[in-house]
Amino acid sequence: MVVVAAIAIAIAAASGAPAATLTPAVTATGTVLDTCTSAVGGSITFNIDPSGAGAITPATTDAGNTSPSVKCTKGQTHAVACSSAHANKLTLGNDGVTDPIAYTITGCATPLTGNGFSTITSIPVGISILQAAYQDAQAGAHSDTITVTITY
């Protein structure tokens with residue numbers, strides 16, 4: 001008789017109330033970084049006619065020239081600054097000394113807003129040369145290097 005009672009208890013426990021469940025949640029958070037990469041330089045190529053009148057204002061956005069560009073996090077605004085290797089002077093041989101033609105950098109200080117990493121963001125850069133700076137210049141290629149700095 002003792003054996004029968006033990007079997008009855010085992011059956012009652014096996015067919016009892018349903019099992020309980022827990023459903024903990026996991027929160028996934030990915031933080032998009034504010035960054036810039038893929039910087040590409042540009043160029044401004046133009047002719048200077050010393051017999052001409054008025055200022056010359058070539059820019060990277062003019063036909064035949066290229067704007068420097070960068071890829072930055074979408075929607076983020078970054079400071080842009082330009083500096084000249086030779087104190088804003090185009091010189092023969094890009095030496096900073098020979099037959100300098102003074103100029104002013106234009107367009108560079110505009111804040112840049114990133115377009116994301118599938119689209120480049122162009123940075124317009126230009127220069128302005130007053131007639132008095134070029135009217136007595138020697139013939140030949142006068143150049144300088146303008147460095148574009150993006151702060152992010």
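The values are calculated or read from the model by the stated rules, or taken from the named source; none is laboratory data. The model shown is predicted, which means the values in this text are computed figures rather than measured ones. Positions of Cβ are backbone-derived with ideal geometry, glycine not excepted, and every protein chain shown enters the neighbour counts. Just so you know, the surface numbers come from the protein's heavy atoms only, side chains and all, with ligands and any DNA or RNA stripped out. Shrake-Rupley method; radii C 1.70, N 1.55, O 1.52, S 1.80 Å.
Side notes on the structure shown:
- Just so you know, in region 29-42 the residues that are open to solvent by 100 Å² or more (accessible area, probe 1.4 Å) and without any contact (Cβ under 8 Å) to a residue 24 or more places away in the chain include one that is nearest to Gly116 (Cα to Cα), and it is Thr31.
- Annotation note: Cβ proximity below 6 Å between a residue of region 48-66 that is under 18 Å from Ala141 (Cβ atoms) and a residue that is modelled with pLDDT of 95 or more and open to solvent by 70 Å² or more (accessible area, probe 1.4 Å) (sequence gap 6+ or interchain) occurs for Pro50/Gln135.
- The residue of region 84-95 that is farthest from Ile127 (Cα to Cα), among those that are in a strand (DSSP E or B) and open to solvent by less than 60 Å² (accessible area, probe 1.4 Å), is Leu92.
- Only one of Ala81, Ala102, Ala133 that is open to solvent by 40 Å² or more (accessible area, probe 1.4 Å) and under 13 Å from Ile48 (Cβ atoms): Ala102
- Selection status of Thr147, in contact (Cβ under 8 Å) with a residue 60 or more places away in the chain, among the polar types (S, T, N, Q) and either assigned to a loop (DSSP other than H, G, I, E, B) or open to solvent by 40 Å² or more (accessible area, probe 1.4 Å) (or both): yes
- Of the residues making up region 105-130, those that are part of a loop (DSSP other than H, G, I, E, B) and either β-branched (Val, Ile, Thr) or surrounded by fewer than 15 Cβ atoms within 10 Å (Cβ to Cβ) (or both) are Ala109, Thr110, Pro111, Ile123, Val125, Leu130.
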